[in-house]
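Contents: one structure, followed by commentary.
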Amino acid sequence: MAIDVATVRKVASLSRLRESDERLESLAGQLNGILGWIEQLNEVDVSDVQPMTSCVEMTQPLRDDVVTDGGKVADVVSNAPKSLDGFFIVPKVVE
Amino acid sequence: MSELTKLTLKSALDGLKAKQFSSTEMTEAFIGAIEKANPALNAYVLTTFDKAREMAGESDRRLKAGEARALEGAPLGIKDLFCTKGVRTTACSGILDTFVPPYESTVTQNLWDDGAVMLGKLNMDEFAMGSSNETSHWGPVTNQWKSNASNAPLTPGGSSGGSASAVAADLCLAATASDTGGSIRQPAAFTGTVGIKPTYGRASRYGMVAFASSLDQAGPITKTVEDAAIMLQSMCSHDAKDSTSLPNALPDFSSFVGKSIKGLRVGIPDEYRLDGIPGEIDALWEQGIQWLKDAGAEIVRISLPNTKYALPCYYIVAPAEASSNLARYDGMRFGHRTEAASSLTDTYELSRSEGFGAEVKRRIMIGTYVLSAGFYDAYYVKALKVRRRIAEDFVNAWNSCDVILTPATPSAAFQLGDTEKAADPVQMYLNDVFTVTTNLAGLPGMAVPAGLDSKGLPLGLQVIGKALDEGTTLAVGAVLEKAAGFTHKPSQWW
């Protein structure tokens with residue numbers, strides 16, 4: 001399942017990353033190397049195995065549906081690249 | 001004064017309680033040592049000396065008043081992965097290079113509640129993705145150990161390279177670290193220090209910058225096994241802020257250090273004897289087996305048949321989770337935002353491409369690929385199924401043994417700028433071949449320094465325990481530590 005430059009470009013776009021054409025080419029080589037190495041998983045018989053999403057057997061803990069924190073506008077925007085009066089300033093989203 | 005920095009955590013805590021020296025004196029000794037060593041080693045990416053002096057002063061007041069807590073006055077280093085309130089936390093990524101958390105991670109809060117003193121934030125691979133500390137936005141850490149055959153600078157390992165280096169060079173009494181595929185144990189082995197990753201869920205992940213959430217686990221790097229027990233006791237806790245945090249009560253970890261292992265069944269997995277591994281690693285493993293035999297343990301040959309699939313499985317699961325976790329870095333609410341964009345998509349793409357380093361981008365892209373339509377079942381779901389097979393291997397092994405002994409790493413520390421490893425990511429990934437299985441299965445694993453190779457570099461052994469049985473892991477580690485009598489220190493060139 002070889003990956004070509006067009007596929008890498010698509011994956012980069014899905015990842016919201018922008019790479020130069022030169023980088024895309026070298027990434028294609030690297031990703032092929034990594035995925036080729038990963039192919040060995042096909043040797044394992046997993047026909048009757050359930051996927052393992054957590055290594056801890058526990059039921060999801062629930063808490064009361066109450067407010068436990070909040071009212072910290074200054075903290076929330078303290079690391080914002082741009083903010084004004086407690087709001088995030090972002091690029092135009094709707095034309 | 002410099003002798004104070006050479007103490008173990010245990011002896012420092014005893015000395016502080018006995019008023020042989022104050023926390024302020026000890027903290028000043030560490031500050032002096034860091035100022036001298038850090039330009040050469042680059043272990044700390046941020047020092048917090050004013051805060052350290054303040055915390056030490058409060059500890060001295062408490063020590064005087066007889067109100068000492070478990071870690072009262074002990075100066076520690078904190079991996080830059082742990083959010084520290086009001087103190088810059090970057091996970092050594094350019095995308096977080098000015099991030100100042102408005103909250104504290106649970107692990108570090110536990111340490112401060114026990115009276116520890118913070119010296120600063122420790123270097124690491126960017127977002128903990130790496131095995132050589134070379135992917136750090138702040139530059140690599142240099143290992144204080146050098147080969148007797150060459151003067152070339154060596155890696156302290158990664159991702160917790162700063163933590164391992166700082167402990168080995170006496171730049172803190174002990175350090176926090178984290179382990180997703182071996183990031184505590186490999187650097188510990190490369191620097192002649194002790195590192196333990198507890199059972200998944202023992203330490204809260206709240207406030208620990210996420211890499212791969214089902215694998216990430218905090219743990220300490222220390223000078224001795226006893227120190228590891230002390231640190232673990234404080235770092236671990238049940239935390240409602242982390243839904244995977246375990247509610248199980250903590251045993252007294254220190255009580256296992258020095259405990260007899262007579263009659264304990266120690267498993268030796270056939271599949272960990274790999275082709276191409278240096279003979280010295282095998283010889284050290286044999287030596288470790290003999291030490292445990294001498295201590296009265298019963299040695300059992302075991303099989304973990306799916307071991308060889310652990311790394312490829314990991315390199316699907318971890319990047320998949322990373323690509324999802326790192327989607328939050330969009331340049332909007334925090335982190336780096338590009339100056340060069342006009343549209344929203346441009347802003348996302350350029351902010352992320354400018355902020356992330358090459359290895360992080362590579363892993364995000366692998367993760368995105370294996371989760372994308374058409375490949376999800378073939379890669380991601382397949383890997384989750386193999387992961388269960390790997391975990392089942394251990395469950396089966398526990399029928400015939402109580403604990404497992406393996407080498408910690410397939411080699412000693414290698415050179416910084418190793419071109420072979422830089423050119424082929426898979427070569428770098430193979431560093432974690434002995435450690436990654438315990439992350440996938442969620443088991444405790446500990447690296448203990450056990451000897452030097454022919455080049456004079458430290459090598460470690462790994463002890464793997466059953467889930468929630470850090471105690472036996474520590475007991476076996478302490479036996480190895482005592483038998484090895486590892487007291488080597490690198491000659492000080494920095």
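Some notes on this structure:
- Note on the range B:403-422: residues that are at pLDDT 90 or above and under 25 Å from residue B:146 (Cβ atoms) total 11.
- Residue satisfying condition, being aromatic (Phe, Trp, Tyr), crowded, with 21+ Cβ neighbours inside 10 Å and either within 23 Å of residue B:185 (Cα to Cα) or at the interface with chain A (Cβ under 8 Å from one of its Cβ atoms) (or both), within set B:329, B:314: B:314
- Subset of the range B:274-310 (residues that are closer than 20 Å to residue B:394 by Cα, among the charged types (D, E, K, R) and more than 24 Å from the chain's Cα centre (by Cα)): B:298, B:301
So that you can scan it fast, the table gives a plain yes or no per residue for (1) within 19 Å of residue A:58 (Cβ to Cβ); (2) of a type in the set (Val, Ile, Thr); (3) out of contact with any His (no Cβ under 9 Å at 6 or more places or on another chain):
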site	(1), (2), (3)
B:178	no, no, yes
B:199	yes, yes, yes
B:222	no, yes, yes
B:226	no, no, yes
B:236	yes, no, yes
B:257	no, yes, yes
B:272	no, no, yes
B:291	no, no, yes
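- Lone unmet requirement of (1) at negative phi; (2) in contact with a Phe, Trp or Tyr (Cβ under 8 Å, 6 or more places away or on another chain) for residue B:442: (1)
- If you go through the range B:263-290 and keep only what is charged (D, E, K, R), in contact with a Pro (Cβ under 9 Å, 6 or more places away or on another chain) and surrounded by 15 or more Cβ atoms within 10 Å (Cβ to Cβ), you end up with just B:271.
- Qualifying residues in the range B:428-440 (those that are under 30 Å from residue B:297 (Cα atoms) and within 14 Å of chain A (Cβ to nearest Cβ)) - the one surrounded by the fewest Cβ atoms within 10 Å (Cβ to Cβ): B:433
- Enumeration of residues in the range B:1-38 that are among the aliphatic types (A, V, I, L, M), more than 16 Å from residue B:117 (Cα to Cα) and either in a helix (DSSP H, G or I) or in contact (Cβ under 8 Å) with a residue 60 or more places away in the chain (or both): B:37
- Applying the criterion of being within 14 Å of chain A (Cβ to nearest Cβ), in contact (Cβ under 8 Å) with a residue 60 or more places away in the chain and out of contact with any His (no Cβ under 6 Å at 6 or more places or on another chain) to the residues of the range B:54-97, the residue that is surrounded by the fewest Cβ atoms within 10 Å (Cβ to Cβ) is B:97.
- Given (1) closer than 30 Å to residue A:79 by Cα; (2) of a type in the set (A, V, I, L, M); (3) away from every other protein chain (no Cβ under 13 Å), index of the condition residue B:277 fails: (1)
- Filtered residues of the range B:75-100 (kept if under 15 Å from the mean Cα position of the chain (by Cα) and under 17 Å from residue B:112 (Cα atoms)): B:76, B:77, B:78, B:79, B:80, B:81, B:82
- Scan of the range B:376-421 for residues that are over 24 Å from residue B:443 (Cβ atoms) and either crowded, with 18+ Cβ neighbours inside 10 Å or in contact with a strand residue (DSSP E or B) (Cβ under 9 Å, 6 or more places away or on another chain) (or both), ordered by number: B:379, B:412, B:413, B:414, B:415, B:416, B:421
- Positions within the range B:447-457 being surrounded by fewer than 24 Cβ atoms within 10 Å (Cβ to Cβ) and not basic (Lys, Arg), in sequence order: B:451, B:452, B:453, B:454, B:456
- Tally, over the range B:361-378, of residues that are more than 7 Å from every other protein chain (Cβ to nearest Cβ) and in contact (Cβ under 8 Å) with a residue 12 or more places away in the chain: 4
- Residue B:373 farther than 22 Å from residue A:54 by Cα, surrounded by fewer than 23 Cβ atoms within 10 Å (Cβ to Cβ) and not aromatic (Phe, Trp, Tyr): yes
- Spans of helices (runs of 4 or more DSSP H) in the range B:391-494 with at least 1 residues in contact with an Asp or Glu (Cβ under 9 Å, 6 or more places away or on another chain) and of a type in the set (S, T, N, Q): B:425-429, B:436-441, B:470-484
- In a residue-by-residue description of the range B:172-183, the property of being of a type outside the set (Asp, Glu), in contact with a Cys (Cβ under 9 Å, 6 or more places away or on another chain) and either closer than 20 Å to residue B:207 by Cα or assigned to a helix (DSSP H, G or I) (or both) applies to no position.
- The listed residues are B:260, B:234, and the only one of them that is closer than 28 Å to residue B:8 by Cβ and either in a helix (DSSP H, G or I) or hydrophobic (A, V, I, L, M, F, W, C) (or both) turns out to be B:234.
- Enumerated helices (runs of 4 or more DSSP H) restricted to chain A, each holding at least 1 residues that are closer than 30 Å to residue B:438 by Cβ and more than 7 Å from chain B (Cβ to nearest Cβ): A:21-38
- One residue alone among B:108, B:142 is outside any loop (DSSP other than H, G, I, E, B) and over 16 Å from residue B:183 (Cβ atoms), and that residue is B:108.
- In the range B:334-360, the qualifying residues are those that are buried (at least 23 other Cβ atoms within 10 Å of the Cβ) and charged (D, E, K, R), and the one that is nearest to the other protein chains (Cβ to nearest Cβ) is B:337.
- One residue alone among B:444, B:425 is buried (at least 21 other Cβ atoms within 10 Å of the Cβ) and either at pLDDT 95 or above or out of contact with any Gly (no Cβ under 6 Å at 6 or more places or on another chain) (or both), and that residue is B:444.
The values are calculated or read from the model by the stated rules, or taken from the named source; none is laboratory data. Everything numeric in this text was worked out from a predicted model, so none of it was measured. Counting neighbours? That spans all protein chains shown, and the Cβs are built from the backbone with ideal geometry, glycine included.
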